[in-house]
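Asks: Just dropping this structure here.
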Amino acid sequence: MKKAGKNITKARQAVEARPYLLKDAVPLLQKVKYTKFDETVEITMRLGVDPKHADQMVRGTVVLPHGLGKSKKVLVIATGDKQREAQEAGADYVGGEEMVEKINKENWTDFDALIATPDVMKSVGRLGKVLGPKGLMPNPKTGTVTTDVAKAVQEVKAGKVEFRTDKTALVHVPVGKMSFTPDKLVDNATTLITSVIKAKPSVAKGKYVKGCYLSSTMGPGISLDISAIETAAKV
């Protein structure tokens, strides 16, 4: 444990207390890595909104160009031909009412995303207590309640991620793995940051992005200078 403590201190000392350009921050984060496992890389954004007000909630989805480094397990709950479409699109689990019962009775949540068609949402809606806390409840706003199940499955498999502000106006989103090349992490992070900027609520006043940080599972947080990304996103 003492050795890990020394490594953490050493990693933090290598990061200066100033904003870095994303293209410089990514290689630095990879350089100060000291763990043996393939850590997840995350972007954290502090936004100038009040999440207590529904019209200031920032929420959306984006497909990262290089995915997340792992294939997500997708469950589709649908009826009729939509089940066949889901299977052909590569869904890991497909079913109807029996899947609702399995989740309800067994507390089963061995999947990363749940896609449902509108006609089954009355049944799926009963699963709020199980799915809600895990962030697995389907929602039309994130494209997981849809009649185009094939497209939804393909997007999730391709690296679609959801972002939303928490109670403290922070957005935490994974953008890849430490083993990714720097260019891929920069591309994914830029895509995510741009999407959050474009999701700015019209009622939000003052500075929207108050802080943006790059970090890994065990690594230090690196403050980012995203002025160029903000300018490009507003063009």
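Asks: For the stretch 209-235, give me each residue that is open to solvent by less than 20 Å² (accessible area, probe 1.4 Å) and farther than 20 Å from residue 28 by Cα.
Replies: Correct list: 209, 233.
Asks: As an exercise: evaluate residue 232 against (1) part of a strand (DSSP E or B); (2) within 14 Å of residue 22 (Cβ to Cβ); (3) not acidic (Asp, Glu) and give the number of the one condition it does not meet.
Replies: Only one criterion in (1) part of a strand (DSSP E or B); (2) within 14 Å of residue 22 (Cβ to Cβ); (3) not acidic (Asp, Glu) is unmet by residue 232, namely (1).
Asks: When you go through 109, 117, 44, 79 one by one, which is the residue that is closer than 30 Å to residue 223 by Cα and not acidic (Asp, Glu)?
Replies: One residue alone meets the criteria, 44.
Asks: Shifting gears a bit: Here is a list of conditions, (1) of a type in the set (A, V, I, L, M, F, W, C); (2) modelled with pLDDT of 95 or more; (3) surrounded by 16 or more Cβ atoms within 10 Å (Cβ to Cβ), and residue 21 meets all of them except one; can you say which number that is?
Replies: Answer for residue 21: the failing condition is (3).
Asks: A follow-up question, please. Which condition breaks for residue 38 when tested against (1) without any contact (Cβ under 8 Å) to a residue 40 or more places away in the chain; (2) assigned to a loop (DSSP other than H, G, I, E, B)?
Replies: Here residue 38 meets the rest and fails (1).
Asks: Quick one: which helices (runs of 4 or more DSSP H) sit completely within the stretch 124-199 and have at least 1 residues that are open to solvent by 40 Å² or more (accessible area, probe 1.4 Å) and under 30 Å from residue 34 (Cβ atoms)?
Replies: In the stretch 124-199, 182-198 are the helices (runs of 4 or more DSSP H) which contain 1 or more residues that are open to solvent by 40 Å² or more (accessible area, probe 1.4 Å) and under 30 Å from residue 34 (Cβ atoms).
Asks: Let me ask something else. For the stretch 27-43, enumerate the residues that are modelled with pLDDT of 90 or more, β-branched (Val, Ile, Thr) and open to solvent by 20 Å² or more (accessible area, probe 1.4 Å).
Replies: The answer is 40, and nothing else.
The values are calculated or read from the model by the stated rules, or taken from the named source; none is laboratory data. On a predicted model such as this, the values are computed, not experimentally measured, just so you know. No Cβ is skipped: glycine too gets one built from the backbone with ideal geometry, and neighbour counts run over all protein chains shown. To get the accessible areas, we keep the full protein, side chains included, count just its heavy atoms, and leave off ligands, DNA and RNA. Shrake-Rupley method; radii C 1.70, N 1.55, O 1.52, S 1.80 Å.
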